[in-house]
Amino acid sequence: MTSEGYSVGAVAKIAKVTVRTLHHYDEIGLLSPAGRTRSGYRRYADADLDRLQQILFYRELGFPLEEIAAILDDESVSPTEHLRRQHRLLTDRISHLQELATAVEHAMEARRMGIQLTPEEKFEIFGEGYQEEWEQEVEERWGHTEAWAESQRRTGGYSKADWQRIQAEMTGINNRLAEAITAGEPADGTVATDLAEEHRQHICRNFYDCTYTIHRGLAGLYVSDPRWTDAYEKTAPGLAQWLHDAILANADRREEKRDGK
């Protein structure tokens, strides 16, 4: 920072906001610069940038500007407490996004599929465990998400033969998972993590981009949702927890390799 502080243009560039936004924040008293030049130009101090960072954080989480002003101007709240609150809000947001991702996966892989199939064909392809009410349940809860939209776009053109192929692929993966756990393969071993990666790639190919973060969320679903747990336990005793551990080990290993660790 220069002795005169940061110009409005410099702050806009640093914070990746528009000059108009900074002018608006000044006009409503949300972020007024520490000083001005003799010519009347705004000059921001380091403390102003710290406040802007706080504003943008709460704005990203959907807080209205009036509420942000009240939060930041509350002198009874220390900087440390602000950080605790932000951590809590971020944790809640991450949890919510994982719920969105896992719900869509639950809908897709747990036999929500079959947009172009008749009820009879759904039972023919997916078996007696298929329940049509899952479709309505998931659409009501997650139909507004991008993950849902992507899965709808991709599966909307699938034929009966496509669904039969997808189901056969998933059955093959599940059979190999059962064979691996029965053979005593460790969940963090090469065989298990390769199968976990195959499981992830199956989702990517057929439904949506299943990142390692999303895959970890799915792993949690397999051991927390009784419907998923029961399905995997019927395939092989202990498989739900084993697959959960294999997915986490695979994600950690491949992310470390990607990051060059």
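The values are calculated or read from the model by the stated rules, or taken from the named source; none is laboratory data. Remember, predicted model here, so these are calculated numbers, not experimental data. A quick note on method: Cβ atoms are made from the backbone with ideal geometry, for glycine too, and the neighbour counts reach across all protein chains shown.
Looking only at the stretch 62-80, count every residue that is surrounded by 11 or more Cβ atoms within 10 Å (Cβ to Cβ) and at pLDDT below 80 and tell me the total.
1
Which residues, taken from the stretch 1-22, are in a helix (DSSP H, G or I) and surrounded by fewer than 13 Cβ atoms within 10 Å (Cβ to Cβ)?
G9, K13, R20
Step by step: first the residues of the stretch 37-55, then only those that are among the hydroxyl-bearing types (S, T, Y) and surrounded by 11 or more Cβ atoms within 10 Å (Cβ to Cβ), then the one that is farthest from S7 (Cα to Cα). Which residue is that?
Out of the qualifying residues, it is T37.
Could you list all residues from the stretch 36-78 that are of a type outside the set (A, V, I, L, M), under 30 Å from the mean Cα position of the chain (by Cα) and assigned to a helix (DSSP H, G or I)?
Matches in the stretch 36-78: D50, R51, Q53, Q54, F57, Y58, R59, E60, E66, E67.
Scanning for something in the same structural domain as E150 (by TED's automatic domain parsing) and without any contact (Cβ under 8 Å) to a residue 12 or more places away in the chain, does the stretch 212-223 turn up at least one residue?
No, that holds for no residue.
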